[in-house]
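Student: My structure is below; once you've seen it, I'll send some questions.
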Amino acid sequence: MKSAFTPNHFISWIRLYCNNNDKKKNNTLSSPFWVSGEGFTLIELMVVMSIGALIAVLTIPSYISFNRSQEVKQAASFLKSNLRDAQNRSFAGEKDTLLCTSSDVLAGFFGEFSVNGISFNIKGICGLNTFPSSSASYNKKLATNITINRLLNGSSCASIGSSASVLFKPIGKGALFYTAALPGGLSSPLNIGKLAIELKQSAGNLYYVIITSGGEIYESATCP
């Protein structure tokens with residue numbers, strides 16, 4: 001007949017556990033884990049791998065989404081920078097010395113955009129000429145995976161067509177917007193206060209560059 005469990009049994013069990021634990025510590029100090037037999041069990045490895053996989057599942061989609069968002073924001077900054085440069089060149093009265101005569105009046109510098117375009121043009125107008133003549137100089141390519149998705153009335157966010165231009169007038173006279181090709185369409189500006197250029201990353205992320213008739217240029221995550 002088995003005897004009942006008593007406090008003495010418990011004390012004996014604790015002593016046995018402590019002695020075994022001390023032996024393990026001594027083995028660890030005297031021998032590397034591959035000799036003493038100490039190491040990770042299969043279950044421990046599986047737990048660590050499961051945690052790593054869970055972290056990857058949770059963080060990788062966020063990282064990819066962040067990268068896509070940054071791509072379209074950087075494209076918007078690139079576009080805004082080129083428009084600002086065109087505006088400054090217009091204010092400075094810059095003219096092409098080969099295509100523009102001394103009597104030609106500078107109409108300004110303009111940006112030229114097309115829906116689904118992967119690039120845009122920055123040109124100047126003097127008289128009936130546009131400059132520079134080389135596409136390598138006036139054509140600005142957007143980053144890979146970025147296109148001009150829509151051209152919008154910046155106030156209503158309604159489409160204004162498949163192509164548009166913004167002309168920065170010299171001497172601080174603001175900006176005018178066109179759908180007709182320049183310089184031929186100079187006499188027919190659109191009656192809108194803002195132009196919104198919608199940029200799209202191939203995965204669907206959108207970002208906007210807004211130009212106002214007063215000459216302000218800014219970026220936005222939404223169409224106003």
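Every number in this text was worked out from the coordinates using simple rules, so none of it is lab data. Model, not experiment: these values are computed from the prediction. Cβ: placed from backbone, ideal geometry, glycine included. Neighbour counts: every protein chain shown.
Student: I need 138, 63 ordered by Cβ neighbour count within 10 Å, fewest first.
Tutor: On the way: 138 18, 63 10.
Taking fewest neighbouring Cβ atoms as first place, the list is 63, 138.
Student: Report the Cα-based extents of region 150-207 along its three principal axes, largest first, to the nearest Å.
Tutor: 39, 22, 19
Student: Under 15 Å from the Cβ of residue 159, count the other residues' Cβ atoms, weight Lys and Arg +1, Asp and Glu -1, and hand me the total.
Tutor: On the way: positive: 150, 194, 200; negative: 198.
Charge balance near residue 159 sits at +2.
Student: On a full-extension model of 0.36 nm per residue, what is the gain between residue 222 and residue 203, subtracting their alpha-carbon distance, rounded to one decimal in nm?
Tutor: Working: separation 19, 0.36 × 19 = 6.84 nm, distance 1.69 nm.
Computed gain between residue 222 and residue 203 is 5.2 nm.
Student: Could I ask something else about it? Label-point separation (nm) for residue 55 and residue 158, each offset 7 Å from Cα along Cα-to-Cβ?
Tutor: With each label placed 7 Å out from Cα toward Cβ, I get 5.4 nm.
Student: May I pose another question? Once you place label points 7 Å from the Cα toward the Cβ at residue 144 and residue 102, how far apart are they in nm?
Tutor: Here the answer is 5.1 nm between the modelled labels.
Student: With +1 on each Lys and Arg Cβ and -1 on each Asp and Glu Cβ, and nothing else charged, work out how big the dipole of region 74-220 is about its Cα centre, in Debye to the nearest 20.
Tutor: Its charge dipole is roughly 120 debye.
Student: What is the gain in length, in nm to one decimal, between residue 191 and residue 128 on full extension, counting 0.36 nm per residue of separation less the C-alpha to C-alpha distance? Write down the numbers at each step before the final one.
Tutor: On the way: separation 63, 0.36 × 63 = 22.68 nm, distance 2.30 nm.
Stretched fully, the residue 191-residue 128 segment lengthens by 20.4 nm.
Student: Tell me, what is the FRET efficiency for residue 115 and residue 137 to the nearest 0.05, using R0 = 25 angstrom and their Cβ-Cβ distance as r? Kindly include the intermediate steps, with their values, before the conclusion.
Tutor: Working: r = 24 Å, r/R0 = 0.94.
According to the calculation, E is roughly 0.60.
Student: Shifting gears a bit: Can you work out the FRET efficiency for the pair residue 40 and residue 70, with r the C-beta to C-beta distance and R0 = 30 Å, to the nearest 0.05? Display every interim value, and only then the final one.
Tutor: Working: r = 39 Å, r/R0 = 1.29.
FRET efficiency, residue 40 to residue 70: 0.20.
Student: Now for a separate question. Over region 74-220, what lengths in whole Å, largest first, do the semi-axes of the equivalent ellipsoid take, defined as the square roots of 5 times the eigenvalues of the alpha-carbon gyration tensor?
Tutor: Details: eigenvalues 122, 54, 34 Å².
Whole-Å semi-axes of the equivalent ellipsoid: 25, 16, 13.
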